[in-house]
Structure formats: structure tokens, C-alpha cells
1. Would you mind checking the pairs Lys25/Lys94; Lys67/Lys123; Lys59/Lys123 and listing those with alpha carbons more than 32 angstrom apart?
2. Give the peptides 57-70, 74-87 in descending order of average Cβ contacts within 10 Å, highest first.
3. Given the protein chains as shown and a 1.4 Å probe, how many square angstrom of Glu134 are accessible, to the nearest 10?
4. Using the heavy atoms of the protein chains alone and a 1.4 angstrom probe, what is the accessible area of segment 1-94 per residue in square angstrom?
5. Over the heavy atoms of Ile133, what accessible area does a 1.4 Å probe trace out, to the nearest 10 Å²?
6. Accessible area of Asp31, 1.4 Å probe, to the nearest 10 Å²?
Amino acid sequence: QALLDHLQDFIIELGNGFCFEARQKRILIDDEYFFIDLVFYHRILKCHVLFELKTQQAKHEHIGQLKVYLQHYKHQVMEIGDNPPVGILLVTDKKKTLVEYAIADSDKEIFVSKYQFQLPDKKDLESFINNEIEKL
């Protein structure tokens with residue numbers, strides 16, 4: 001919820017080209033509704049970017065869920081000239097081997113990343129920034 005409360009900051013952090021399309025995008029598959037947490041369209045890459053946000057460690061069912069959403073977008077939403085959609089799963093803990101196995105057959109269209117609930121301590125952050133500046 002905190003991420004969604006600061007959606008503008010989140011979009012700026014993503015970088016240039018992201019256009020917000022929907023929050024909790026409702027899609028119908030067979031006779032069941034599903035909800036994609038965030039949907040963007042990237043105007044430079046010409047593709048949809050689907051975000052799933054989880055407040056727990058990565059699980060294979062999260063990746064399977066995202067794969068279903070990507071397939072739906074490939075078959076029902078993509079238009080001529082669009083590139084295939086990209087899925088991003090944000091979790092609190094990324095289990096490296098599990099994620100590697102779960103996305104092995106997905107043509108690298110799914111990315112799993114760990115997020116932090118809060119920034120590091122101010123002194124640690126200042127130290128990191130100073131170290132990076134010294135490298136330049």
C-alpha cells in the first residue's frame with residue numbers, strides 16, 4: 001500500500017518511458033476474474049509491463065500467476081507493433097534457486113526483485129554515497 005500511496009515517486013524511480021495504465025487491473029479468464037496489481041505501458045519499449053507486489057518471499061505460485069497474466073496480455077491485449085509484455089514480481093525476499101527454476105522457460109520476460117520496506121540508516125546511506133563519489 002505504501003508503494004501505491006507514492007505512485008508518482010515509484011514511476012519516476014522506474015525511469016523514462018513508463019506510462020501508468022491501471023491499478024488492480026481486472027481481467028477475465030474463462031469465467032474467473034483476476035487482478036493485476038499495477039499495469040504500465042512503456043512507450044519506448046512498446047510493451048506492457050505488469051507488476052505483481054507481494055509482501056512475502058517469492059513463491060513459485062506467484063511466478064505462475066504472473067505467467068498467466070503475461071499470456072493473457074499476449075493473446076488478448078497486445079496490438080500490432082507491440083512487443084511482448086514484461087512481468088515484474090516485487091517480493092520481500094527473493095529465493096534465488098527457486099526463482100531461477102520457476103522462470104527458466106519464460107524467455108526472460110519475467111523479473112523477480114527484492115524490495116526494502118525502508119531506507120537504510122542515514123549514516124550508512126551517506127557512507128555509501130560518499131564511497132560511490134570517491135570511485136568517480
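The values are calculated or read from the model by the stated rules, or taken from the named source; none is laboratory data. This is a predicted model, so every value here is computed, not measured. A quick note on method: Cβ atoms are made from the backbone with ideal geometry, for glycine too, and the neighbour counts reach across all protein chains shown. Accessible surface is based on the protein model in full, side chains and every heavy atom, while ligands, DNA and RNA are left aside. Shrake-Rupley method; radii C 1.70, N 1.55, O 1.52, S 1.80 Å.
1. Working: Lys25/Lys94 25 Å; Lys67/Lys123 40 Å; Lys59/Lys123 34 Å.
Over 32 Å Cα-Cα: Lys67/Lys123; Lys59/Lys123.
2. Values: 57-70: 17.4, 74-87: 13.3.
Ranked from most to least packed, the peptides come out as 57-70, 74-87.
3. Rounded to the nearest 10, that gives 150 Å².
4. Computed with neighbouring chains in place, this is 59 Å² per residue.
5. Accessible area of Ile133: about 100 Å².
6. 140 Å²
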